[in-house]
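A short write-up of the structure that comes next.
All of the numbers you see were taken from the coordinates with simple rules; none came from a lab. What you see is a predicted model, and the numbers here were worked out from it, not measured in a lab. All Cβ positions, even for glycine, are placed from backbone atoms using ideal geometry, and neighbour counts span all protein chains on display.
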Amino acid sequence: MKIVFTSEGTEWDSKIDPRFGRTDYFFIYDDETKGICTVDNRAIAETAHGAGPQTAQKLFELKPDVLITGNGPGGNAARVLAQGNVKIYVGAGDMTVKEAYDAYQKGELKEF
Amino acid sequence: MIKIAVASGKGGTGKTTLSTNLASYLAETKPVVLTDLDVEEPNSGLFINGELTHHENKYKMVPQWKSDSCMLCGNCREVCNFHAIVQLVDQIMVFPQLCHSCYACSELCPSGSLPMTPEKMGELQEYQSGNLHFIESKLDVGQEQAVPLIAQTLRYVDEKYSEVNLKIYDSPPGTSCPVIEATKNADLVILITEPTPFGLHDLKLAVETMRELNKRFVVVINRYGIGNDDVVDYCMSENITVAAKIPNSREIAGLYSQGRLLYNDVPEFKAELDKIVDFISDLDREVGL
C-alpha cells in the first residue's frame, strides 16, 4: 500500500506540511516494499492561483492509496482527489512524518 | 466628459459616503451616472432612493469539456496560464473559478472539445432618481472573481451613457485587481482615508498603486479630528493635494446609519463637498480644453 504524506522535508523526522496545495514535498512510503521516495513540490510557490488542483494532479499521478496531511485539501483539490480512490487522513499538522505514520496505524487520524 | 473613481486603501473610510453624496449633490444641477463597482458587497444603493429601470444577468464564458470527442492530448492544460484545467488519466477537469475566459484552451483544442459556454456570475441593476442614474452590479455568492463583472459593468455604462458628462465610480477597497479594473479608466481618483495609523498605512499602498498606473489622484481625509496629523504631513511631503477634510461628527454617523445623505443636514459636510466639486469643475475645464 502506498502512503503519501505532505511534508516539509525528505526524512522520517521531517515535519508534516499542514498545507495540501502548497506542500513543499510529498513523502511516499510503500509499506509492502518498505521503500521511501520523495517528490519536490516547492515550485508551487510560484503559482499565484490554482495550487490545489495542480498539486492534486501531481498526487494523482503517484497513484497513492492513502494521503496523510494537516489541514486537508481545499474544495478544488478535493474535487480532483475525489476522482481517485485515495483515502485522506487529516490532523497531522503538528507531527513529524514518523509520528503521523504511527498515529495513522493506531487509527488516531481523522478521515477527511 | 470626466470620470471620477472614489477609492481607498483601507476599507470603511467613506468611499460610499462620498460617492453617493457627491453624485446626488452634482445631480441637482446636471445628469450624473453613479456606478457601484464594489461588486462583492455593493452598498451605494442603500443611500439612493431611485426607481428600478433595468435588470440583467451577467455571464462569464468558461470552457465545458466534451468527453466524447476529446483525444486527451493535454494541450488545454498546457496552454492554461491559470491552472484552471487539470488532466487526469482519462478525463479533463475544468475549474470555472480559476478560469479567466481567455479562450486559449477552447481555440487551441484540436478536436473542439472545449466549447466556451456562459456561466452566470452576477446581476446588474439600474435605478433612476431625477438626474441621477445609478448602476449597481452584484457578484453571485460563490463567485471568486470580481474583475470580469466590473469590466462588463464599465462597458455597460460606457455604451449606455456615452452622452453623460459626469461619471462617478464607487470602487472596491484595497489595491488588488478589482481596484485596478475599477480605476484604470478614471480621469481622477479620489483616495479617501482616515487620519489613523491604519488609514495612513493603506493610503501609502493606494498612492503607490495610483502612481504605478499614472493616475491623477487627490486625497480626501474623512473623520478629520480623530487620530493624528501623520496623513496630512505625509500628503504634504509627497506633494499630494488634500481636496477636503470631512470632520468627524456624531451627526454624520447618525445620518449614515439611517441610510441618509448628508449634505442637506450637515453644513460642515456640504462645505467640504463644495471644495471637491470646485476641484472637479476646474479639472473638467482642463480636460475639456
Cα principal axis extents for region B:25-101, largest first, Å: 63, 22, 20
Viscosity 0.890 mPa s, temperature 25 °C, Stokes-Einstein D of the protein assembly as shown from Kirkwood C-alpha radius, µm²/s: 101
Beta bridges per DSSP with both ends in chain B, % antiparallel, nearest 5: 45
Alpha-carbon centroid distance for the pair region B:233-272 / region A:86-107, whole angstrom: 57
Free-standing Cys, chain B [no other Cys Cβ under 4.7 Å]: B:C70, B:C73, B:C80, B:C99, B:C102, B:C109, B:C177, B:C235
Peptide A:77-85, shielding by other chains (average Cβ, 10 Å cutoff): 2
Net charge over other residues, Cβ less than 14 angstrom from the Cβ of B:L124 (K, R count +1; D, E count -1): -3
Residue-averaged beta-carbon neighbours from other chains (10 angstrom radius) around B:76-87: 4
Sequence-separation-based contact order of chain A, relative, with Cα cut under 8 Å and 6+ spacing, percent: 30
Rg to Rh quotient for chain A, alpha carbon positions, Kirkwood Rh: 0.93
Using alpha-carbon coordinates, inclination of helix A:51-61 to the longest axis of chain A, degrees: 50
Neighbourhood net charge (11 Å Cβ-Cβ; Lys/Arg +1, Asp/Glu -1) for B:L52: -3
Three principal axis lengths of region B:41-168 [C-alpha, angstrom, descending]: 59, 28, 22
Highest-MSF residue in chain B out of B:S171, B:S67, B:S19 [GNM, Cα springs under 10 Å]: B:S67
Charge tally in the Cβ shell below 11 Å around A:Q54, where Lys, Arg are +1 and Asp, Glu are -1, A:Q54 excluded: +2
Peptide A:49-59 - average C-beta neighbours from other chains (10 Å radius): 4
Between region B:139-168 and region B:19-80, the alpha-carbon center distance in angstrom: 5
Qualifying GluC sites (Glu not before Pro) for region A:25-112 [loop in DSSP, other Cβ within 10 Å: at most 10]: A:E32
In degrees, nearest ten, helix B:15-26 long axis to first principal axis of chain B (Cα): 70
222 nm mean residue ellipticity, helices alone, for chain B (DSSP H n ≥ 4; -39,500 (n - 2.57); rounded to 500): -10000 deg cm²/dmol
For the protein assembly as shown, share of DSSP beta bridges that run antiparallel, in % to the nearest 5: 55
10 Å-binned pair-distance histogram of region B:1-65 (Cα, whole percent): 15, 45, 26, 10, 3, 0
Proxy reagent accessibility, fewest Cβ within 10 Å first, across A:R79, A:R42: A:R42, A:R79
